[in-house]
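A short reminder: the numbers here are calculations on the coordinates, not readings from a lab. A quick note: this is a predicted structure, and the numbers were derived from the prediction, not measured. Please note: Cβ atoms are built from the backbone with ideal geometry, for glycine as well, and neighbour counts cover all protein chains shown.
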Amino acid sequence: MATTEVRPDLTPSGEIRVMSPYRAKWLGWFTTTDHKQIAKMYAVTAFFFLLVGGTMALIIRTQLAAPEQTLSLPGLEVTEQVYNELLTMHATVMVFLFLTPMLAAFGNYFVPLQIGAADMAFPRVNAFSYWMVPMGGIVLFLSYFTGGPAAAGWTSYSPLAGPQFSPGNGVNLWIGALAILGISSTLGAINFIVTILKLRAPGMTMLRMPIFCWNMLIQSILILFSFPVVTAGLLLLWIDRNLGGAFFDPANGGNVILYQHIFWYFGHPEVYILILPLMGVISEVIPVFSRKPLFGYKAFVYATLSIAALGTAVWAHHMFTTGAIDVKFFAATSFLISIPTGVKMFNWTATMYKGKIWWNSSMLHAIGFLSMFLIGGITGIFNATGAIDFAIHDTYFVVGHFHYVLVSAALFAMFAGLFYWFPKMTGRKLSERLGIAQVIILFIGVNMTFFPQFALGLQGMPRRIQTYADGLGWGWLNMLSTTGSFLVGTAVLLFVINFFWSRKRGEIVGDNPWDAYTLEWATTSPPPYYNFDALPPIRTERPVFDTNHPDVLAEDEEYDRRVSSHPL
Amino acid sequence: MPRSKTRRSPVAYGLGILGLAALLAGCGAGQVEPVTEQGNGLHGLYLIVFWMGFAIFAIVEIAIFYMAIRYRRRKQDDESLPPQIHGNDKLEILWTTIPAIIVIVLFVLSWIQITNVQEVSADPGMRVEVQGFQWQWTFSYPDETLSNGEPVQVAGVLGEAPPTLVVPVDTVIQMSLKSEDVIHSFYIPQALYKLDVVPGLDNKFDITFDEVGRFRGQCAELCGLSHAQMVFFVEVVTQDDFRAWMTKTRTAAEREASGGDKCKPEGTKVEVAAKNVKFDKECLAAPAGTPFQIVFDNQEAIDHNVAIYQSEEAQPAGEAALFQGEIFKGPKEVTYDVDPIPAGKYYFVCDVHPTAMKGTFNIGEPEG
């Protein structure tokens, strides 16, 4: 193994350094261009916003727990106005300030390590990308001090978000925040693409690259396609609001459907932007803990490429009920996208076949992801038909569907990744006992929260309503959902406790505690500032494993030859 | 987890799923009962997709948990590696093709239903114009006009009981959706259908209720502050009941249009105010054959007055007024003394703004 006696990552007394040794600690946080340091800052920022957005979610759920109520909390009465603000801010925070930066954190830390690079291609751009995230957050939350935040939903459909129906500063600051965060993501995407294409270590061909890196690459391409479009669209909305434009003002010849096209041309790929890297995480975790290579490496690459390609052609399935689009065309493309998604599900499941599955927190979270993503995927079929969507569009069925993907599945995948990589980042393991408790509570919690929402939607409860009449039979399902949401909150808090406890007192483990496959496990835990002293030979998709298990090297090389020699 | 428990899990899981299936089958797989012809077709498709989805869910979910439990590492296991399987091309082809066939079938079935619900008849049995506004609905019947040319309307008022749209059963009703402010969505859960009400678009759909009853509807697109209050009802009645209801509503509307109950003389003092180049009342009334007073409160710094004319056309035609009040700038209140006028229906206007400021003036008890 490539370790050395010189440990610049240790202090003279032998403690693990969190920081590059070359800078003062407090200054380092502001000046660092180290991808690992930036990744941690991304992760902490994202987790902070998860707690903020999660608190908003709990307020929303509590407001809806019983019919015909207006919740009164100390200092906060959830009136119609406050409710609309909460649903707007909750979604914006979760999408742009939690999930997106969290994925940037995973990518930043592990893409350079997995391809054997010393850092990202543009370290300063990387730091700039990060610093725009808290700036975006500040701009967004400034609206609370300038007359109230945006309340037109995270989609900010015009004319509701236009100057006439949303006067005040909320939507302006919302546009500003999204523009900042969009530019941050776009710069990050360019950085990932260049890093992956240009900085791979000798021997690391594209088809030996870990699937996580493939997913980051394809995610970044999707970002390049979609974020500039929405940023431009939001600029038009800003002109409508502030300079008397009429792009989306029907009274003056504007077109409100145009805004929806622009928004969803970004909005749907955004869903894949949020889930692809997490699929990558799962594709790392499941093989390692099944003690087997990933089943159908090439199928994953092709499936991811197809999802990205089709993902740019399904946007108007969010607009089936506008009466202004070709429902059949977008039903067709939406159906098609389920095929590569299914291929991934089957391959993950097949990876576990005949394995020796290590039941630890990371793997259990990954199994939770498979189980939850399946529900999210299958309920998506109902929407994809177009015809059934006429009934369930904009109801709680849709809320349940996308929360199964973006909360249930995404949280499980994120935690799978955090439990898997925490030892690499700190040299210590997260507590298994707390981890198992967390996975159980999370599993019960998400299902209790989001499954009743399918029933609510099928019975006709629209989304984004502050309250509902008594006697509709929606009360007990909402109460169930609210109860579940507090379990989800508990699971997240358990992780926070686990993190702070394990950071100081977690079991110290070696450089490669999972006997894992990819290059990040070839260096120390945590890795030194410059990442690698030396790299193992890269002859297959799992170089570290082959170095440690010479007996499977021949087999892996044989597969590698087949993969590289044949396009399919 | 203890082994004895986990070994039974796949079976328990399977039984649980079957139990859930039985439960769901008992209540239309969770979806509300459709009450329209179009909805029946959509519900049929829903059931097909539900059971197909359920089968896939059960198979894959059982496979995931079976693999995870069956192939877990046991305590007595040695450190040797399991077979290092990299993949299987035949399986890849299989699990690409089978889902592809399934989605093609589902797409064809969806195509049929989409075509069915999107069909808009050139000659519907009845037309209804739905006007969505922040935050209520107004329904008008363009085929049922009053004597003044206006259609019969059921108007929603924010903060009051939700409006009820009354329609006959077994009739093709064409809903035409209009909005002047933001986007709303006209959603009747038991029709299994919704269509957005988009400013600048003229969205139409046909709907045929096949049972009588009272069904709830609600706006389904976030439209601002009181979005949650945009509730309405659809009352589906028999043809005879519909005609009876329409006659009653029309009579009431005619009375309303001609001044109606709200505009009867109450004493010899008539109050009216002007603001934003508008009178605050559309109709005034005074007793016949006796002098009365008009208390005119001009609330803005613009010239206004009150004048009474024989007919709506009299003022623009330059005919003499029955009474002409002094023109003055507000804010100021002036009381006009008016000589007796014989019973009848007259018009009052502001001579300075005759097109914007006008209304009906009933003297005595007008007929009808």
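So here's what we get for this one:
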item	result
FRET efficiency, A:LEU197 to A:HIS566 (Cβ-Cβ, R0 22 Å, nearest 0.05)	0.45
Measure of compaction for the range B:94-137 (Cα Rg per 2.2 N^0.38 Å)	2.04
Nonlocal amide H pairs with B:ASP351, under 5 Å, H built at 1.01 Å	B:ASN305, B:ALA307
Cα gyration tensor shape for the range A:148-278, rounded if a/c is under 1.5, else prolate or oblate	prolate
Full-stretch length increase - B:MET52, B:ASN88 - with 0.36 nm per residue and alpha-carbon distance subtracted	10.4 nm
Relative exposure of A:PHE450, A:PHE145, judged by other C-beta atoms within 10 Å (fewest first)	A:PHE145, A:PHE450
Net charge dipole size for the range B:126-257 [Lys, Arg +1 and Asp, Glu -1 on Cβ; Debye, nearest 20]	160 debye
The range B:126-257: relative contact order as a whole-number percent, Cα under 8 Å and 6+ apart	27 percent
Span from the the range A:175-228 Cα centroid across to the the range B:254-330 one, whole angstrom	72 Å
Order of A:THR547, A:THR379 under a 10 Å beta carbon neighbour criterion, fewest first	A:THR547, A:THR379
Expected 222 nm ellipticity per residue - DSSP helices of 4 or more, -39500 (n - 2.57), all of chain A, to 500	-21500 deg cm²/dmol
Residue mean of other protein chain beta carbons inside 10 Å, A:146-152	1
Radius of gyration, Dmax [the range B:186-239; alpha carbons; angstrom]	12.5, 38
Cβ-Cβ FRET estimate between A:THR62 and B:GLU319, R0 fixed at 51 Å, reported to 0.05	0.15
A:THR483 paired with B:ASN148, simple spin-label distance in nm, labels 7 Å along Cα-to-beta-carbon	5.7 nm
Additional length obtainable on full extension of the chain from A:THR312 to A:PHE48, 0.36 nm per residue less Cα span	92.0 nm
Projected label distance in nm at B:ALA356 and B:VAL277, using a 7 Å step from Cα toward the beta-carbon	0.3 nm
Span-rule helices in chain A, defined as complete DSSP H runs reaching 27 Å or more along the axis (Cα) with Kyte mean at least -1.0	A:35-64, A:123-142, A:170-198, A:211-242, A:256-290, A:327-352, A:361-384, A:432-458, A:475-505
Sequence of A:HIS318, B:HIS304 once ranked by neighbouring C-beta atoms within 10 Å, starting from the fewest	A:HIS318, B:HIS304
Positive dipole terminus of the protein assembly as shown, leading residue within A:TRP521, B:PHE296, B:ILE363 (C-beta point charges)	A:TRP521
Total charge dipole magnitude, chain A, about the Cα centre, Cβ charges on Lys, Arg, Asp, Glu only, Debye to nearest 20	800 debye
Table column - 3J(HN,Hα) (Hz), the range A:536-546, Karplus curve with 6.51, -1.76, 1.60, x for Gly and Pro	x, x, 10, 10, 9, 6, 9, x, 5, 5, 5
Computed [θ] at 222 nm, helices only, for chain B once each DSSP H run of length n ≥ 4 contributes -39500 (n - 2.57)	-10500 deg cm²/dmol
Calculated log₁₀ intensity ratio I(q)/I(0) where the Debye formula runs over C-alpha points of chain A, q = 0.10 Å⁻¹	-0.84
Residues of the range B:108-135 with amide N under 15 Å of a point placed 7 Å along Cα→Cβ from B:ALA155	B:131-135
Candidate lysines - alpha carbon under 22 Å from A:LYS504, same-chain residues fewer than 8 apart omitted	A:LYS25, A:LYS36, A:LYS40, A:LYS424, A:LYS429
Label-point separation, B:LYS248 to B:ILE101 (7 Å along Cα→Cβ), nm	5.9 nm
Label zone at A:THR490 (point 7 Å along Cα-to-Cβ), backbone N below 12 Å, the range A:401-443	A:437-443
Largest-first principal axis extents, alpha carbons of chain B, Å	112, 46, 35
Set of the range A:262-287 residues, backbone N closer than 18 Å to the point 7 Å along the Cα-Cβ line of A:HIS549	A:283-287
Chain B: DSSP helices with Cα axial extent of at least 18 Å and average Kyte-Doolittle hydropathy no lower than -1.0	B:3-25, B:37-70, B:89-118
Straight-distance crosslink candidates among lysines, where the alpha carbon sits under 17 Å from A:LYS328 and sequence neighbours closer than 8 are dropped	B:LYS194
Global geometry of the range B:269-363, whether rounded, prolate or oblate, following the gyration tensor of its Cα atoms and the 1.5 cut on a/c	oblate
